[in-house]
Amino acid sequence: MNQIRENTEQPQVKSNQEEASQGSTFGRRLAHFLGGEYLSRDRVKRFYPFLIYLAFLCILYISNTYYAEKTIRKISRTKSQIDELTVERIAVMQQLQTLQRASYLAEKLKNSGIREATVPPEKLFFDESETGLSEQAK
């Protein structure tokens with residue numbers, strides 16, 4: 001006679017802990033690292049001075065980069081000021097040359113009664129006895 005067998009086997013339900021243990025090793029390691037236990041091990045404690053040294057070097061490197069960029073900006077600003085001053089100097093030199101031309105001076109002084117010399121200048125010679133100056137006064 002046929003008897004109905006009752007299924008005595010129950011389906012196995014996996015617990016959350018078993019699922020986590022079967023998960024990826026990366027996930028477990030990340031959870032372990034973020035948990036903070038990793039940093040309290042004696043092996044890791046030996047590297048604290050070195051990690052502090054590396055952090056100091058990183059801060060030094062960043063500050064050096066900021067200082068270099070600041071210096072580059074300052075040099076650039078100075079170069080632009082030099083260019084502006086060079087252009088201004090050239091303009092002033094042109095104005096000075098224009099003002100020093102004999103024809104320009106003669107035109108400006110025409111109304112004041114001062115004329116351009118037509119006779120070339122002559123060199124004057126004096127004897128020391130005529131001037132009355134002694135050797136000490138020279």
Extreme residue, nearest to the chain's Cα centre (by Cα), among residues of segment 48-103 that are of a type in the set (G, A, S) and at pLDDT 95 or above
A68
If a residue has to be out of contact with any Asp or Glu (no Cβ under 9 Å at 6 or more places or on another chain) and of a type in the set (A, V, I, L, M, F, W, C) to count, how many in segment 95-120 make the cut?
5
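The values are calculated or read from the model by the stated rules, or taken from the named source; none is laboratory data. Everything numeric here is computed off the predicted structure, so don't read it as measured data. All Cβ positions, glycine included, derive from the backbone under ideal geometry; neighbour counts span all protein chains shown.
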